[in-house]
Amino acid sequence: MECIFCKIIKGEVPSFKVYEDEKVFAFMDINPINDGHMLVIPKTHAENLFEIEESDFLAVMSVVRRLSLAIRRVLGPDGMNLMQLNGEAAGQVVPHLHVHIVPRWGGDGKGICEWELVPGDRDKIKGLSKRIQEAL
Ligand code: 5GP
Ligand code: ZN
């Protein structure tokens, strides 16, 4: 069965579209965390960050920025989260890359990005930084 977000791009599944250009499509999330919760996706299907072409990803992020500014003008939130999940282990449900724009208000209690800060092992952190740098 074809991807639900590809169907939304083609108009085969209805959505509240906010923006569309040659490479990018943006629409309102049907289960909004807060007012203004929006999804920005590439028109060319790519499951996640590891599969998408760089030019498509940059096009998506450029639109994310513009839409974030528009949402801020309209809704005046206190803050905003951008979220982009890759893989089931990261909580991704729909396997077509998407960036969530989630407006936030102080005390909205939505529990996004509220992990506990626990100091890590310095040697381990240093070792990983080197290994990743070498892999660039
Ligand atoms: P994630 O894959 O990042 O966990 O989240 C998928 C997001 O897509 C969820 O926030 C969910 O509400 C949204 N979503 C799933 N199916 C549809 C749909 O058919 N229409 C719209 N507008 N949003 C959807
Ligand atoms: Zn798709």
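The values are calculated or read from the model by the stated rules, or taken from the named source; none is laboratory data. Keep in mind that this is a model prediction, so the values were computed, not measured. Methodologically, a virtual Cβ is constructed for each residue, glycine included, from the backbone with ideal geometry; neighbour enumeration extends over all protein chains shown. In case anyone asks, the SASA skips ligands and DNA or RNA and just uses the protein heavy atoms, side chains included. Shrake-Rupley method; radii C 1.70, N 1.55, O 1.52, S 1.80 Å.
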Query raised in the report: Going through the stretch 106-136, which GluC sites (Glu not before Pro) have at most 13 other Cβ atoms within 10 Å and a DSSP loop state?
Result: Glu114, Glu116
Query - Largest-first ellipsoid semi-axes for the chain, taking √(5λ) over the Cα gyration tensor eigenvalues, angstrom - result: 28, 22, 14
Query raised in the report: Which angle between 0 and 90 degrees, to the nearest 10, do you get for helix 54-75 versus the longest principal axis of the chain when only C-alpha atoms count?
Result: 70
**Report entry** Span from the the stretch 85-129 Cα centroid across to the the stretch 1-41 one, whole angstrom
**Finding:** 22
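How long is the gain from Arg66 to Asp78 if the chain were fully straight, where each residue apart is worth 0.36 nm and the alpha carbon distance is subtracted?
Value of the extension gain: 2.6 nm.
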Query - Cα long-axis angle, helix 122-135 against the chain (0 to 90 degrees, to the nearest 10) - result: 60
Query raised in the report: Under 5 Å between amide H atoms, partner at least 5 residues away or on a different chain: which partners does His98 have, H built in plane at 1.01 Å?
Result: Leu85
Report summary line: Heavy-atom accessible area of the stretch 38-122 with neighbours in place, 1.4 angstrom probe: carbon+sulfur share in percent works out to 53
Query - Value at 222 nm in deg cm²/dmol, rounded to 500, when DSSP H runs of n ≥ 4 in the chain each add -39,500 (n - 2.57) - result: -10000 deg cm²/dmol
Report summary line: Counting only DSSP loop positions in the stretch 29-72, the GluC sites (Glu not before Pro) whose Cβ has at most 15 other Cβ atoms within 10 Å are Glu47, Glu51, Glu53
Query - Nearby lysines by direct alpha-carbon distance to Lys43 (threshold 24 angstrom, same-chain neighbours under 8 apart not counted) - result: Lys7, Lys10, Lys17, Lys23
Query raised in the report: What residue among His45, His100, His37 has the largest mean-square fluctuation in a Gaussian network model of the chain, using Cα springs under 10 Å?
Result: His45
**Report entry** In the stretch 56-136, the chymotrypsin sites (Phe, Trp or Tyr not before Pro) that fall in loop regions by DSSP, at most 15 other Cβ within 10 Å
**Finding:** Trp105, Trp115
Report task. Write out the cysteines belonging to the chain for which the nearest other cysteine Cβ is not under 4.7 Å, or none if no such cysteine exists. Result -> Cys113
